[in-house]
Amino acid sequence: MTNKNEISNLNHSPKGSRIAILGAGESGVGAAYLAQQQGYDVFVSDFGAVAPHYKDHLLKWNISLEENGHTEAEILAAVEVIKSPGIPDKAPIIKKIREKGIPVISEIEFAGRYTNAKIIGITGSNGKTTTTSLIYFILKNAGLNIGLAGNIGKSFAYQVATENFDSYVLELSSFMLDDMYRFKVDIAVLLNITPDHLDRYDYKMENYAASKFRITQNQRADDVFIYCADDMETIKGMEDRSFNAKLYPFSIEKKVTTGADLENDNIVINTPQEHFEMSITELALQGKHNIYNSMASGIVAKVLELRNDTLRDSLATFKNIEHRLEFVGKISGISFINDSKATNVNSTWYALESMTSDVVLILGGVDKGNDYLMLRDLVKQKVKAIVCLGRDNQRIHDAFEDDVDIIVNTTSASDAVQAAYHLATKGDTVLLSPACASFDLFKNYEDRGNQFKAAVKEL
């Protein structure tokens, strides 16, 4: 099926044409399946080892696969390359592909050619997984035939190949957006822009911001762009850009005519056809950052003209995703919260901001050049002790030694939980919100969160 998003400058026929896929993870394997379904000769190449379950899928589908290295001749014979979002442009194989003039695209771009479904796309430095999940929950509750994909769940490409959804909610990272060109998002949500992954953007904030704004490319007058009017970098980025779509801002600091704002502790949403109000005390997700997430999600619902009672019920009953401010349990009156998905300082700021008790904070891991300064006020107000969980904790000590009396070092989830438990007293919260990547001690943030939860259960 030819689609609104199809790249018109590809003059080859898919039948028998070689397509190379770099990276055999969720997105790569899904793209491989869809490409084979569309008649391409598919070659999958991974510089590292391929997880057994992905390898089994590719073998079952008779798709050519190599791991632990790239065979350049096979890859450079392709008419197009689909690359994993995690592969940087400076990787040698990507440079060679581009030098040869072979298009490099994302799985999202590729899959978009083969569906006419309505696309709701969410990006932002923080909150996008929670907001994507919340929007999906609301729309699913309203009875829409909808898929969930992108940086979450099963790959978009695999779902396009095997499902027949009318709409998709996609979590879109900056890395995904970088390799999207003709793909169009019908309802685009930009939550915020704060420093993250700057190593991929020449350490320039404007480059990172430009990546985020790619979510609005190709939008037309009947499309929608939802954005945070309180986010300085977003507003700054909008000043020198023009937008074809209808604009719907959300704010807790100012009144907006069309969009969402906060009035007497009520979220108020207005679109040309719809009006909605709900007290923030009724929201399932509490904290300032989650008011923003709920506002953005609510605007999507009202743009789609969903019933107020459906929206209200969904906002009141949604359960947050695993590893994101996930309540693990209460032991001896001490609450344990797993926020392992907080891999940057801003995410940890949001977590601390939502805490209503004294906190023993578990912090640390692979430091991506973090500026801990923005945490200092909240740490002074709410944190009674810091438990470092990482191989190199010196920068955390340097940042907070004047603000917190107790900072201890640990190198395992079990030791961190034990230390935090002994430092906390009844009524306190032990919060795992590391502000760092997990790769020094764990496979990924999920592994870190799961080990934390297991250690809590062993107390």
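The values are calculated or read from the model by the stated rules, or taken from the named source; none is laboratory data. On a predicted model such as this, the values are computed, not experimentally measured, just so you know. Every residue, glycine as well, gets a Cβ built from its backbone with ideal geometry; the counts of neighbours run over all protein chains shown. For the accessible areas, the whole protein counts, side chains as well, though only heavy atoms, and no ligand, DNA or RNA atoms are used. Shrake-Rupley method; radii C 1.70, N 1.55, O 1.52, S 1.80 Å.
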| request: Out of the residues in the stretch 282-322 that are in a loop (DSSP other than H, G, I, E, B) and open to solvent by 50 Å² or more (accessible area, probe 1.4 Å), state the one that is modelled with the lowest pLDDT. | output: Gln286
| message | With the requirement that a residue be in a loop (DSSP other than H, G, I, E, B), under 16 Å from Ala20 (Cβ atoms) and out of contact with any Asp or Glu (no Cβ under 6 Å at 6 or more places or on another chain), what does the stretch 37-60 give you? | response | Gln38, Gly39, Tyr40, Phe47
| said: Just to be sure before I move on: is Arg395 in contact with a Pro (Cβ under 8 Å, 6 or more places away or on another chain), touching a residue at least 12 places away in the same chain (Cβ under 8 Å) and surrounded by 14 or more Cβ atoms within 10 Å (Cβ to Cβ) in the structure I sent? | reply: no
| message | Restricting to the stretch 376-391, and then to whatever is under 27 Å from the mean Cα position of the chain (by Cα) and under 21 Å from Leu441 (Cβ atoms), can you tell me which residue is most open to solvent (accessible area, probe 1.4 Å)? | response | Arg391
| note | Per the list (1) part of a loop (DSSP other than H, G, I, E, B); (2) of a type in the set (S, T, N, Q); (3) modelled with pLDDT of 95 or more, residue check on Thr132 breaks on (1)
| query | Can you tell me which residues in the stretch 108-123 are touching a helix residue (DSSP H, G or I) at 6+ places or on another chain (Cβ under 7 Å) and open to solvent by less than 10 Å² (accessible area, probe 1.4 Å)? | reply | Ile108, Phe110, Ala111, Ile120, Gly121, Ile122, Thr123
| Which pairs have Cβ atoms under 6 Å, sit 6 or more apart or on different chains, and link a residue in the stretch 281-295 that is within 15 Å of Met355 (Cβ to Cβ) and of a type outside the set (Gly, Ala, Ser) to one that is open to solvent by 10 Å² or more (accessible area, probe 1.4 Å) and part of a helix (DSSP H, G or I)? | Lys288/Glu353; His289/Tyr350
| Within the stretch 135-144, tally of residues that are among the aliphatic types (A, V, I, L, M) and in a helix (DSSP H, G or I) | 3
| field | Residues (in a strand (DSSP E or B), more than 20 Å from Met232 (Cα to Cα) and open to solvent by 30 Å² or more (accessible area, probe 1.4 Å)) located in the stretch 248-281 | value | Glu263, Asn266, Asn270, His275, Glu277
| message | Let me spell it out: the conditions are (1) under 18 Å from Asp447 (Cβ atoms); (2) open to solvent by less than 40 Å² (accessible area, probe 1.4 Å), and Asp415 meets all of them except one. Which number is the exception? | response | (2)
